[in-house]
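J.: Pasting a structure here, questions to come.
The values are calculated or read from the model by the stated rules, or taken from the named source; none is laboratory data. These figures come from a predicted structure and were not determined experimentally. A quick note on method: Cβ atoms are made from the backbone with ideal geometry, for glycine too, and the neighbour counts reach across all protein chains shown.
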Protein chains: 2
Amino acid sequence: ADDSARSAAKVRNVQLTKPPGALGRLEELAIWYAGWRGQARPRLERPQVIVFAGNHGVTAQGVSAFPADVTEQMVLNFQAGGAAINQLAQVFGAQMDVYALALDRPTADFTAGPAMDEAEFLHAIATGWDAVDAQAGLLATGEMGIGNTTSAAAVACALFGGNAEDWVGRGTGVDDAGLVLKAKVVRDGLSRNSNALGDGLEILRCLGGRELAAMAGAMARARVERIPVILDGFICCAAAACLDRAVPGALDHAVAGHRSAEAAHGKLLEKLGKEPLLQLDMRLGEGSGAALAIGVLQGAIACHSGMATFAEAGVSEG
Amino acid sequence: ADDSARSAAKVRNVQLTKPPGALGRLEELAIWYAGWRGQARPRLERPQVIVFAGNHGVTAQGVSAFPADVTEQMVLNFQAGGAAINQLAQVFGAQMDVYALALDRPTADFTAGPAMDEAEFLHAIATGWDAVDAQAGLLATGEMGIGNTTSAAAVACALFGGNAEDWVGRGTGVDDAGLVLKAKVVRDGLSRNSNALGDGLEILRCLGGRELAAMAGAMARARVERIPVILDGFICCAAAACLDRAVPGALDHAVAGHRSAEAAHGKLLEKLGKEPLLQLDMRLGEGSGAALAIGVLQGAIACHSGMATFAEAGVSEG
C-alpha cells in the first residue's frame, strides 16, 4: 500500500463535514482503499466479480446434498445470467466473469491422496492469476463446486487445527448424519495427506480444489496490481487462508465482505483477523456476499471522495 | 400488505436456483417488499431519501458538542450536494429532498414545557406527510438537528421507561460530563412533561422536535401509499417508535437499515422488534445508515425478481 496516499486520505477524512468518526467503518474502508490505489481521493471504478467452478472427487463420499452435475448446470446458469451473482454484479455495476476449471475431470478424492497433482494445481492457480482484469478497481472472487464446503473444511482444519467437527457445516443443506460424515471425511483427508500439513500451498493442493486454487491465484495477482479484494464466504476464505499462511500479510489488500451462515466461517474470519462488513445469514457462495458488500465500499468511497470539507461548506467544526 | 403477492413471492423464492434459504435475510426482505408493493416479482424503482432539519430549544442546556448554527449550515451543505447523504443517495440512485423546518424558531426547551404547541406539531407532521413522493418505490427518512439525540433520548425514555442514563449517548461527541448533563436534561424534561407520557404522539410533541415529527408524518404517509421504509438511526427510530405506540403495527412497512454506534440504538431496535441490516458503527444521522441499506434491498430484490428458476435453468434441485 501507498503510505503517502493513505496519510493524505486520513488528513482529508478529518476535514469532511461530519463529526469525527461518525461514518464508522466507512471511514477506515475508504482510507484502506485509498492506500491500495495510491490516491488520496479515489474513485471505485470497474469492479470485477470472478466465479471459478470446479468439481470434487470427494463427492464420491456422499458429502453433498446436491449431485455433482449441478456444478456444470450452474455454470450454464451463470453464463445465461440467471444466478444470484449475476443479479448482484449488475446491481453494483460489476463486470462478471466465469471460469469452469476442467469440470469433466474432478479433483481426486482427497481421502485417497492429494486432490491435485502439481501440474493441475499450478494450472488452476494460473487460471486465477490470468482471470484478473488489471484495469479493475476492485476484485470479488466467488466459487461454485458441489462438495467444496467439505474441501474448505479440510483446508481450514489443516491450517488451524482443532477437531474436524469444528470446521464442517451444512453446506447446501446436509442433515445431521451428513455433518457426521463430513467430519469423518475431513479426518480421513488430513490423515491421508499428513505430509502436506506444514505448508499453506501444499494444503491447498492436497485438500483444496481447482476453484479454491484459482481464487488464491486471483487474489495474489490482485495484490501485485494493487487491486483491493473483497472476500466472500467460507470457501473463498479457506483459499485465502492458504495464501496468508504461505506469505504472511498476503491478504492486507483484502476485506471480508460478509460472515456467512456456514458454521465455521466466523471462526475462520477470526483466524484471518478480518471483521466482516455484512452479516445477513447468506450461505450461497458464488461470490454473492462479497458482491453485496461492493455497495458498502462504493458508499464509503463516494463519501470520502465526494463530501465537502468544513472549510468548503462553511460549516463550524464544533 | 398484499397477502396474495406475498404468498406468490414465497412460492417463487423456493423455485430460484439456490439451495433453500441460502440468500438468508435477502429472501425475507424480497418477500416483505413484494407484499407491500403488491407484486410477486417487484422492481425497486425511484427510492427517495428525505432529510428533515430542525432546531432544538434544549440546546440552551449545553447538550451538544456543536453549536446550533450547524443545523442551518448543514442544510446548505445538503442543498449544495456536499454531505455524506448526498453521496450515498447518488450511489444508490435515490432522489434526495431536504426540508428545513422553521430553523429560525427552535422548539421550546422541553425542560421548561412542551417542545411544540399543537399547531407547530401538526404543521411538522404535515410537512413530512406532504414530502413523500407517492411514486417512490422506497423511502428512507433522515434528520439533522443539533441537540436532537437529547430529544430522542427523552422520547425513548418516555416511551419505554428505565433510567435516563440508559437512553443518552455521545451524539456528535460529548464527553463524560456531557453525558451526565444529557441524562439530567432528559429527567427534567420527563418530569416537566409528565402529563404527556401516556400517549405516543404527545410524547413526540412535548419531547421531540419538528424533524422527528416530520419523519413520523412521512412514515405514516408511506404506509398509506404502500411505500416500504428503511429506518435510519437512533433519532429516526425514536420518532418511529412514537408512531408505533400510537398505532400498533404502524411500522410493519419498515425495516431497520442499521444499528448505529449511538449507545441506546440497539435497545431501541429491540423494543421495536427490528433486526438491523447493517452494523458498521455509523452515527452520523442524515439518513446515512438507511441510505447505505438501500443497496442491500436492491440486491435482495434483484435476486428475487431476476434469478432463473430451477426449471428455467435446467438445474437439478438436489
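J.: From the residues in the range A:12-29 that are in contact with a His (Cβ under 8 Å, 6 or more places away or on another chain) and more than 11 Å from every other protein chain (Cβ to nearest Cβ), which one is nearest to A:Glu312 (Cα to Cα)?
T.: Residue satisfying both the conditions and the ranking: A:Arg12.
J.: Restricting to the range A:72-92, name every residue that is touching a helix residue (DSSP H, G or I) at 6+ places or on another chain (Cβ under 9 Å) and in contact (Cβ under 8 Å) with a residue 60 or more places away in the chain.
T.: Answer for the range A:72-92, where residues must be touching a helix residue (DSSP H, G or I) at 6+ places or on another chain (Cβ under 9 Å) and in contact (Cβ under 8 Å) with a residue 60 or more places away in the chain: A:Met74, A:Phe78, A:Ala83, A:Ala84, A:Ile85, A:Leu88, A:Ala89, A:Val91, A:Phe92.
J.: So which of B:Ala300, B:Ala311, B:Ala291 is more than 7 Å from every other protein chain (Cβ to nearest Cβ), surrounded by fewer than 24 Cβ atoms within 10 Å (Cβ to Cβ) and touching a residue at least 40 places away in the same chain (Cβ under 8 Å)?
T.: Matching residue, one of B:Ala300, B:Ala311, B:Ala291: B:Ala311.
J.: On to the next question. Helices (runs of 4 or more DSSP H) wholly in the range B:1-95 with at least 3 residues that are buried (at least 18 other Cβ atoms within 10 Å of the Cβ) and of a type in the set (D, E, K, R) - which ones?
T.: B:25-37
J.: Out of A:Asp199, A:Asp176, report the one residue that is surrounded by fewer than 18 Cβ atoms within 10 Å (Cβ to Cβ) and either more than 26 Å from A:Ala119 (Cα to Cα) or of a type outside the set (D, E, K, R) (or both).
T.: Unique residue meeting the criteria: A:Asp176.
J.: Does A:Tyr99 satisfy the condition of being touching a helix residue (DSSP H, G or I) at 6+ places or on another chain (Cβ under 7 Å), assigned by TED's automatic domain parsing to the domain that holds A:Ala196 and hydroxyl-bearing (Ser, Thr, Tyr)?
T.: Answer is yes for this residue.
J.: Is it true that some residue in the range A:217-230 is hydrophobic (A, V, I, L, M, F, W, C) and within 14 Å of another protein chain (Cβ to nearest Cβ)?
T.: The answer is yes; a qualifying residue exists.
J.: Here's something else I'd like to know. Let me confirm something: among B:Arg245, B:Arg205, which residue is at pLDDT 95 or above, surrounded by 24 or more Cβ atoms within 10 Å (Cβ to Cβ), farther than 30 Å from B:Gln298 by Cβ and among the charged types (D, E, K, R)?
T.: Only one candidate qualifies: B:Arg205.
J.: Now for a separate question. Please identify the pairs in which a residue from the range A:253-282 that is outside the structural domain of A:Phe160 (by TED's automatic domain parsing) has its Cβ atom under 9 Å from the Cβ atom of a residue that is small (Gly, Ala, Ser), counting only partners at least 6 apart or on another chain.
T.: Here the result reads none, with nothing in the range A:253-282 linked to a residue that is small (Gly, Ala, Ser).
J.: If you don't mind, another one. Of A:Glu286, A:Glu275, A:Glu270, A:Glu262, which residue is of a type in the set (D, E, K, R) and at pLDDT below 95?
T.: A:Glu262
J.: In the set A:Ile235, A:Ile230, which member is buried (at least 24 other Cβ atoms within 10 Å of the Cβ), assigned to a strand (DSSP E or B) and β-branched (Val, Ile, Thr)?
T.: Sole residue among the options that is buried (at least 24 other Cβ atoms within 10 Å of the Cβ), assigned to a strand (DSSP E or B) and β-branched (Val, Ile, Thr): A:Ile230.
J.: Checking B:Gly142 against (1) more than 30 Å from A:Gln90 (Cα to Cα); (2) outside any helix (DSSP H, G or I): exactly one of these is not met. Which one?
T.: Tallying (1) more than 30 Å from A:Gln90 (Cα to Cα); (2) outside any helix (DSSP H, G or I), B:Gly142 fails exactly one: (1).
J.: A follow-up question, please. When you go through (1) part of a loop (DSSP other than H, G, I, E, B); (2) touching a Lys or Arg at 6+ places or on another chain (Cβ under 6 Å) one by one for A:Gly266, which number turns out not to apply?
T.: With respect to (1) part of a loop (DSSP other than H, G, I, E, B); (2) touching a Lys or Arg at 6+ places or on another chain (Cβ under 6 Å), A:Gly266 is out only on (1).
J.: Quick one: how many residues across the range B:56-78 are in contact with a Pro (Cβ under 8 Å, 6 or more places away or on another chain) and facing chain A (nearest Cβ under 7 Å)?
T.: Here the count works out to 2.
J.: Then there is this: For the range A:119-140, enumerate the residues that are within 17 Å of A:Gly200 (Cβ to Cβ) and in contact (Cβ under 8 Å) with a residue 40 or more places away in the chain.
T.: Result: A:Phe121, A:Ala124, A:Ile125, A:Gly128, A:Trp129.
J.: Can you tell me how many residues within the range A:157-215 are under 24 Å from A:Ala261 (Cα atoms), in a helix (DSSP H, G or I), within 23 Å of the chain's Cα centre (by Cα) and charged (D, E, K, R)?
T.: 5
J.: Would you check if there is a residue in the range A:104-118 being assigned to a helix (DSSP H, G or I) and either away from chain B (no Cβ under 14 Å) or touching a residue at least 12 places away in the same chain (Cβ under 8 Å) (or both)?
T.: Within the range A:104-118, one or more residues are assigned to a helix (DSSP H, G or I) and either away from chain B (no Cβ under 14 Å) or touching a residue at least 12 places away in the same chain (Cβ under 8 Å) (or both).
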